[in-house]
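A short reminder: the numbers here are calculations on the coordinates, not readings from a lab. Since the model is a prediction, treat every value here as computed from it, not as a measurement. Here the Cβ is made from the backbone with ideal geometry for all residues, glycine too, and neighbour counts use every protein chain on show.
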Amino acid sequence: MLRIVIIIMFSFLLTACSAERHFDASAQPLAPTLRHWVPEEPPSDVVLALHSFGDHGAAFQLLGPQFANAGIYLESYDQAGFGSRQFEGRWAGETQLVNEAAERIEHLASVYHQPVYVMGESLGAAVAILAACKNPDAVAGVILSAPAVREGIRFRYGWNLVIASAATLAPGYEVQVQRDPEAPLLAPSQAQRLATDERVMRQVRLDSYWGLIQLADSASDQAAVLSQTKIPVLILYGDRDNTVPEAGIVALRRHLQPQVTYLSVPDGPHLLLQGKDWRTTSQQILDWIQTQRPANHANIAAPATPRSTTIGSPSQLHTRSD
């Protein structure tokens, strides 16, 4: 037994020899990865959508057209370290992820003269919580689909110690991610995309996984701050989610009373926004946004010319269909 443990630890240590590197936003800019779905008329609402760990902005290719048809502008992008901005599988850092989202929220609010809805799936939902707390005046509402949160999880800090130790000993050790192209709980097109798209992660480094855990802890810790902002929040959670423990969702709901609306999705997978019943889920989100609109919301001013930004503007970019 000792011999097996030594062999495993040695294999871990062999992967830990590479020097630490940091994500370079100038080398892997956000703007070329922007995707947006634009209604024919000036939008009634604006939504920034943030994808899950290992995925990229195409995660919203089903929801985008439905939102646009409802008169809502929806925008997504590849978050730092993912999709076309992968960084050798390395973690780009919580600060980078949150600052990019916060800057994009501010930019869209400036362009469209109204607060922005921030929608996130899993990791993206954790980023949405933290970004909304940075500039609450620019946020109309937060939509959290299976948010990566960890408060209330049994042995939370014990698991943290184990994962942090492994990530320190062997940060570059990679775990293979198996994705079923016929996953029964996902929409067929999304199951195929997740299984075959080269921009979707196939291996997860231990240090990246530890970064995700720390991000989820930060989002849990900031739930009380989000509560103080009084921003309306919609939480969606599938009853067949085997990724985010329900205890974390319960704790988050407790913090966000009374500003939270909670929807439990029967037979819903972790990636609800890409699930087989995505149309129903999407419509539930659209209905919730409708209930948040003030009485005078129908008279939205036409978008102004976007001010200069390091991230880019909708008018400078093309909708991506992938």
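What's the extension gain from Ala224 to Ser26 if we count 0.36 nm per residue and subtract their Cα-Cα distance?
67.9 nm
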To the nearest 20 debye, region 29-292 has a Cα-centred charge dipole, built from +1 on Lys and Arg Cβ and -1 on Asp and Glu Cβ, of 420
Out of Cys133, Ile163, Ser122 - ranked by how far each Cα lies towards the positive end of the dipole of region 98-187, with unit charges on the beta-carbon of charged residues - the top one is Ile163
Extension length gain for Glu198 and Val175 (0.36 nm per residue less Cα distance), in nm, is 6.6 nm
Expected sort for Asp217, Asp45, Asp137 with the fewest Cβ neighbours (10 Å cutoff) up front is Asp137, Asp217, Asp45
For the chain, percent of DSSP beta bridges that are antiparallel (nearest 5) comes out at 20
In degrees, nearest 10, the alpha-carbon axis of helix 2-14 is tilted away from the dominant principal axis of the alpha carbons of the chain by 50
Counted neighbours (other Cβ, 10 Å), sorted fewest up, put Tyr173, Tyr262 in the order Tyr262, Tyr173
Summing -39500 (n - 2.57) over every DSSP H run of at least 4 in the chain, dividing by its residue total and rounding to the nearest 500, the 222 nm mean residue ellipticity is -12000 deg cm²/dmol
Here the FRET efficiency for Asn160 versus His113, based on Cβ atoms and R0 = 35 Å and rounded to 0.05, is 0.25
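So what is the relative contact order of region 29-292, in percent, for Cα pairs below 8 Å that sit 6 or more residues apart?
21
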The extension gain from Ser189 to Thr168, computed as 0.36 nm times the residue separation minus the Cα-Cα distance, is 3.8 nm
Rounded to the nearest 10 degrees, the helix 156-169 long axis (Cα) sits at an angle to the longest Cα principal axis of the chain of 60
Rounded to the nearest 10, the angle in degrees between the Cα long axis of helix 278-292 and the longest principal axis of the Cα atoms of the chain comes to 50
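As a footprinting exposure proxy, order Phe67, Phe53 by other Cβ within 10 Å, with the fewest listed first. Could you put the intermediate results ahead of the total?
Working: Phe67 27, Phe53 24.
Lowest count first: Phe53, Phe67.
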Listed by chain and number, the residues whose amide H is under 5 Å from that of Gly268, excluding neighbours fewer than 5 places away on the same chain and using placed H, are Asp239, Arg240
Distance in Å, no decimals, from the C-alpha centre of region 26-100 to the one of region 177-195 is 20
A correct Karplus calculation of ³J(HN,Hα) over region 92-97, with 6.51 cos²θ - 1.76 cosθ + 1.60, θ = phi - 60°, whole Hz and x for Gly and Pro, returns 6, x, 4, 4, 4, 4
Karplus-derived 3J(HN,Hα) from phi for region 113-122 (6.51 cos²θ - 1.76 cosθ + 1.60, θ = phi - 60°), whole Hz, x at Gly and Pro, runs 6, 6, x, 10, 7, 10, 10, x, 10, 6
Checked against the structure, the computed volume of the Cα convex hull per residue in Å³ among (i) 152; (ii) 132; (iii) 180 is the one labelled (ii)
Between Asn99 and Arg279, the two model label points (7 Å from Cα along the beta-carbon direction) sit apart by a distance in nm of 4.3
